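I have placed the structure first, in the form of structure tokens, so that the comments after it can refer back to it.
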Amino acid sequence: VSRWQRLAFRSRQFDPRTIPGLKLWLNAANTSSMTFNGSTVSQVNDLSGNGFHATQATANNQPTYQATGFNGRPTLLFDATDSITSSATIADYFLTPTTSPTSVIVMACYMPSLIQSGTFIFGSDAQANGRVFFSSHFGGSSLIFDIANVTNGRVLAGSQTNTGWTTPHILTAYRIGAIMSVRRNGVEITGKTNASGNYSATTAKLQIGKCDGGNFNQQYVSEFVAYGAALTATQISAVERGLARKWGVTL
Amino acid sequence: VRCFRTASESLYESIRLQLDAAWGHPNPQTKTITCFDPADVAPRDNAGRLLLAVNDEFATWEPASTLLPQLIASGAVEEITAAEYQAAIEQPTQ
């Protein structure tokens with residue numbers, strides 16, 4: 001292998017499709033995959049090939065494109081009313097949601113300031129149709145990640161006041177059967193190994209930004225991937241490292 | 001979002017510990033130390049009053065949903081707007 005080939009390999013950007021089970025892939029760096037409405041974005045196309053595009057028809061609720069807002073790279077700024085909704089439902093981005101919910105979500109994101117009032121990152125568009133709920137600051141500085149709206153399908157973590165949240169980072173949240181984890185830059189913040197609770201309704205769509213039942217402040221999101229697969233620890237780490245390299249984040 | 005303010009550190013800590021007991025904190029499994037920030041690290045306004053902002057849903061979980069109306073009715077805890085909360089935490093401390 002020549003030096004040129006090694007350099008070419010190193011510079012190649014991570015493609016989430018190389019990890020099996022990809023259901024949804026949104027990437028703010030791919031401007032041709034987005035529909036612009038002036039400086040805001042009304043649609044972000046799903047690059048996974050599954051066609052689960054994310055849209056926001058209301059101009060005032062559309063995220064704002066910023067070409068250099070994430071470590072000098074492109075990003076979408078979601079303010080207090082902004083959201084985009086993918087056509088992917090729980091049935092789409094979870095494996096076996098009614099018997100052993102399994103989904104791995106990894107995103108490049110950060111919030112501009114630590115406002116301790118329920119900063120919401122992603123969740124369901126209608127909780128009654130199946131709840132996914134992630135709030136980085138739920139009560140004071142407590143984090144919550146909730147799958148299926150049951151106590152045993154929920155993890156929390158208190159005292160999330162450090163600056164890791166306000167620095168561009170790679171956030172991972174997954175439930176793989178009985179295992180739940182929330183990681184920032186590859187380090188677990190909270191998790192459990194005895195999660196239980198399954199979905200009875202699976203038609204809720206995935207929303208990023210202001211979601212049903214959640215409060216929201218501001219959030220930058222540059223890339224969002226969801227796998228409906230029981231990824232191995234090695235695969236999860238590969239996705240995290242791939243996104244980290246792409247977005248200038250040090251794990 | 002719902003935002004609250006109280007001048008009583010002891011009351012604040014009492015509520016926090018009651019909720020912790022009801023919700024099983026500290027929880028080594030979920031790594032949740034407490035349900036909201038302890039008074040010594042919680043945000044305060046310039047008058048030294050403790051400030052707390054929670055997601056709407058937080059206040060619907062028992063026993064918070066029972067305690068809150070009582071605390072507000074007693075006057076010991078005030079519910080403030082998100083704008084008031086924001087303005088208070090952005091004021092430079094004296």
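The values are calculated or read from the model by the stated rules, or taken from the named source; none is laboratory data. Remember, it's a predicted structure, so these values are computed and weren't measured experimentally. In this analysis, Cβ positions are derived from the backbone assuming ideal geometry, glycine residues included, and neighbour counts consider all displayed protein chains.
Please specify each residue of segment B:1-23 satisfying the condition of being closer than 18 Å to A:Leu156 by Cα and either among the charged types (D, E, K, R) or more than 9 Å from chain A (Cβ to nearest Cβ) (or both). Once the filter is applied, which keeps residues that are closer than 18 Å to A:Leu156 by Cα and either among the charged types (D, E, K, R) or more than 9 Å from chain A (Cβ to nearest Cβ) (or both), segment B:1-23 yields B:Arg16, B:Leu17, B:Gln18, B:Asp20, B:Ala21, B:Ala22. Residue check: B:Thr34 meets all listed conditions (1) more than 15 Å from A:Gln160 (Cα to Cα); (2) among the hydroxyl-bearing types (Ser, Thr, Tyr); (3) within 9 Å of chain A (Cβ to nearest Cβ) but one, namely (1). Does B:Ala87 fit the bill of being free of Cβ contacts under 8 Å to residues at least 40 places away in the same chain and either over 20 Å from B:Gly24 (Cα atoms) or buried (at least 16 other Cβ atoms within 10 Å of the Cβ) (or both)? Judged against the criteria, B:Ala87 is a match. When B:Val54, B:Val41 are checked against the criterion of being β-branched (Val, Ile, Thr) and in contact (Cβ under 8 Å) with a residue 12 or more places away in the chain, a single residue qualifies: B:Val54.
Summed over segment A:194-207, residues that are farther than 21 Å from A:Tyr93 by Cα and either basic (Lys, Arg) or modelled with pLDDT of 95 or more (or both) total 0.
Among the residues of segment B:44-56, those that are surrounded by 20 or more Cβ atoms within 10 Å (Cβ to Cβ) and either more than 9 Å from chain A (Cβ to nearest Cβ) or within 30 Å of A:Lys192 (Cβ to Cβ) (or both) comprise B:Leu50, B:Leu52, B:Ala53, B:Val54, B:Asn55. Scanning segment A:149-169 for residues that are under 30 Å from A:Ser200 (Cα atoms) and exposed (fewer than 15 other Cβ atoms within 10 Å of the Cβ) yields a total of 3. Taking the condition buried (at least 23 other Cβ atoms within 10 Å of the Cβ), in contact (Cβ under 8 Å) with a residue 24 or more places away in the chain, more than 14 Å from every other protein chain (Cβ to nearest Cβ) and under 28 Å from A:Pro20 (Cα atoms), does A:Phe78 pass? Against the criterion (buried (at least 23 other Cβ atoms within 10 Å of the Cβ), in contact (Cβ under 8 Å) with a residue 24 or more places away in the chain, more than 14 Å from every other protein chain (Cβ to nearest Cβ) and under 28 Å from A:Pro20 (Cα atoms)), A:Phe78 does not qualify.
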